[in-house]
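Heads up, the thing below is written out as structure tokens.
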Amino acid sequence: MVMWKAADDRRTLASDRAAAASAASVIIEKMLGYNYKSFDQHTREVSALLTGGFKKEFVQAATQVVKPLAVQNQAVIQAKVSEVSVMSTPGLADVKVLLFVDQSTTSAKLASPQIDQNRVILTMSQTDGRWLVSKVEAF
């Protein structure tokens, strides 16, 4: 019985890790990709995928810092995850996920699209049965 429970726990953990990684991939593409024409909608949609103190931080930074620059430069950014890997599961309801994200930026200031390659660590927290971002670390 104990072995069955341990095997079941491992399957649940593997399932949770896969679900968190999948959600992280979708969320980071939405978070890092936007169009200056629909920035307010972007902020609303992304904030619904965040939790905890990070949600407030994101909305504040998006509204006060990113939006004015995006509008001024007429920026359109597309984000695409190229690699994703679960790093750790620090808590029962948290999973740290490493993502490699390519961003293609077009703007009034650029003669041609600019490609940036980013590495981001998301802490995914299970909240009401959903995996939401509770922390973002860029490096």
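The values are calculated or read from the model by the stated rules, or taken from the named source; none is laboratory data. This structure is a prediction, so every number in the text was calculated from the model and none was measured. Glycine also receives a Cβ, built like all others from the backbone with ideal geometry; neighbour counts cover every protein chain displayed. We work out accessible area using only protein heavy atoms, side chains counted, and drop any ligands, DNA or RNA first. Shrake-Rupley method; radii C 1.70, N 1.55, O 1.52, S 1.80 Å.
Would you calculate the convex hull of the Cα atoms in region 66-116 and tell me its volume per residue in Å³?
On the way: hull volume 4.6 nm³, N = 51.
Normalising the Cα hull of region 66-116 by residue number yields 91 Å³.
Compute the Rg/Rh shape ratio of region 18-81: radius of gyration over Kirkwood radius, all on alpha-carbon atoms.
Details: Rg = 11.9 Å, Rh = 12.1 Å.
Radius of gyration over Kirkwood radius for region 18-81 works out to 0.98.
How long is the gain from A14 to T106 if the chain were fully straight, where each residue apart is worth 0.36 nm and the alpha carbon distance is subtracted?
This chain segment gains 29.3 nm when fully extended.
Given a 1.4 angstrom probe, I'd like the percentage of the accessible area of the chain that is carbon and sulfur, rounded to a whole number.
After summing per-atom areas, the C and S share lands at 55 percent.
Report, to the nearest 10°, how far helix 52-61 tilts away from the longest principal axis of the Cα atoms in the chain, using its own Cα long axis and a range of 0 to 90°.
10 degrees
In terms of Cα to Cα distance under 21 Å, which lysines are near enough to K135, apart from those fewer than 8 places away along the same chain?
Counting by Cα, and skipping residues close in sequence, K135 has these lysines nearby: K30, K55, K56, K67, K80, K96.
Grab the DSSP H runs of the chain that are 4 residues or longer, score each as -39,500 (n - 2.57), total them, divide by all residues and round the 222 nm result to the nearest 500 deg cm²/dmol. Can you show the working numbers first?
Values: 4 runs with 57 residues, N = 139.
Dividing the helical sum by the residues of the chain leaves -13500 deg cm²/dmol.
Given labels modelled 7 Å from the Cα in the Cβ direction, how far is it in nm from K30 to N73?
2.4 nm
Picking from T89, S25, Q60, whose Cα lies most toward the positive end of the charge dipole for the chain (charges on Cβ: Lys, Arg +1; Asp, Glu -1)?
Q60
In whole Å, what are the Cα extents of the chain along the three principal axes, biggest one first?
Rounded to whole Å, the extents work out to 64, 27, 21 Å.
Report the extension gain between S38 and Q114 in nm, rounded to one decimal, defined as 0.36 nm multiplied by the number of residues separating them, less their alpha carbon distance.
Once the chain is fully extended between S38 and Q114, it gains 25.3 nm.
Starting from the 7 Å offset along Cα-to-Cβ, what nm value, one decimal, do you get for the label separation of T127 and K80?
3.0 nm
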